[in-house]
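*Asks:* The structure under discussion is supplied below as structure tokens; questions concerning it will follow.
The values are calculated or read from the model by the stated rules, or taken from the named source; none is laboratory data. Just so it is clear, the model here is predicted, and its values are computed rather than measured. Note that we place each Cβ from the backbone using ideal geometry, even for glycine, and neighbour counts take in every protein chain shown. Protein only, heavy atoms only, side chains kept; ligands, DNA and RNA dropped before computing areas. Shrake-Rupley method; radii C 1.70, N 1.55, O 1.52, S 1.80 Å.
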Amino acid sequence: MLLTNHAKQRIVKRLSKRRKLERVYSALLDFLKNAERIEINEKITIFTDKRKSLVCTKLNAELLDFNEVLKRAKGINEAYECVFWGKEKFAKVTTPKKFLKQIPEGRYYFYINKEKKVLYIGDEPPLLAITFRPARRKERTLKGKTTHQASTGTTYMSPNGSS
């Protein structure tokens, strides 16, 4: 899961109380352990613990072998926000070359945004957290309802996938 700057600020404000990237993702993982997943439509997903909600959108990623991931990340010498979402989940600000040394071989979903300097590698397709907000009344009462019953409005986002 990747975070927009707005979502990071909201998580710092409402959960982690610290700006360090590892602390933000640690607080996010603690929240997700107890959260219920609600699929609004094919693009928007909400995770809620009945008090707070994390609104996410799906990103387009490719399923690649580890060697192909190495080829794609080769030649990038700048520091990126790198996220691994597999059996272990961690995030670091480092060069992709160093980051890939910590990842076991296998097939992973791969997403990179060179403009925002973000790299995602994981077992699941990536999600982009748009915002973290107090839960709406409908989200507090939902219990695994279908997407048509779970409609809570329209969320718009930029085509670049970040704020």
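*Asks:* I'd like to verify a number: residues in the stretch 80-105 that are under 19 Å from residue 4 (Cα atoms) and hydroxyl-bearing (Ser, Thr, Tyr), how many? Even if it seems obvious, please write down each step before you answer.
*Replies:* Of the residues in the stretch 80-105, the ones under 19 Å from residue 4 (Cα atoms) are 80-85, 89-94.
This time we only want the ones that are hydroxyl-bearing (Ser, Thr, Tyr), so: 80, 94.
Final tally of qualifying residues: 2.
*Asks:* So, one more: Hey, can you tell me all the residues within the stretch 53-63 that are hydrophobic (A, V, I, L, M, F, W, C), assigned to a strand (DSSP E or B) and open to solvent by 20 Å² or more (accessible area, probe 1.4 Å)?
*Replies:* Of everything in the stretch 53-63, just one residue is hydrophobic (A, V, I, L, M, F, W, C), assigned to a strand (DSSP E or B) and open to solvent by 20 Å² or more (accessible area, probe 1.4 Å), namely 63.
*Asks:* Right, something else. Determine which member of the set 90, 132 is touching a helix residue (DSSP H, G or I) at 6+ places or on another chain (Cβ under 9 Å) and more than 22 Å from residue 38 (Cα to Cα).
*Replies:* Checking each option against the conditions leaves just 90.
*Asks:* Still on this structure, I have one more. Could you check residue 35 against (1) under 19 Å from residue 14 (Cβ atoms); (2) open to solvent by 60 Å² or more (accessible area, probe 1.4 Å) and say which number it fails?
*Replies:* Here residue 35 clears every test but (2).
*Asks:* Could you say which residue among 59, 29, 54 is touching a Leu at 6+ places or on another chain (Cβ under 7 Å) and touching a residue at least 60 places away in the same chain (Cβ under 8 Å)? If you could, list the steps in order and put the result at the bottom.
*Replies:* Numbers: 29 fails: touching a Leu at 6+ places or on another chain (Cβ under 7 Å); 54 fails: touching a Leu at 6+ places or on another chain (Cβ under 7 Å).
The conditions single out 59.
Per-residue answers, yes or no, for (1) assigned to a helix (DSSP H, G or I); (2) aromatic (Phe, Trp, Tyr):
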position	(1), (2)
75	no, no
81	no, no
92	no, no
98	yes, no
102	no, no
105	no, no
111	no, yes
133	no, no
138	yes, no
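*Asks:* Right, another one. Out of all the residues in the stretch 64-118, which are open to solvent by 40 Å² or more (accessible area, probe 1.4 Å) and of a type in the set (A, V, I, L, M)?
*Replies:* 70, 79, 93, 112 - these are the residues of the stretch 64-118 that are open to solvent by 40 Å² or more (accessible area, probe 1.4 Å) and of a type in the set (A, V, I, L, M).
*Asks:* Here's something else I'd like to know. Among the listed residues 14, 19, 23, identify the single one that is in a helix (DSSP H, G or I), over 14 Å from residue 119 (Cα atoms), open to solvent by 60 Å² or more (accessible area, probe 1.4 Å) and free of Cβ contacts under 8 Å to residues at least 12 places away in the same chain.
*Replies:* None of the others qualify; the one that does is 23.
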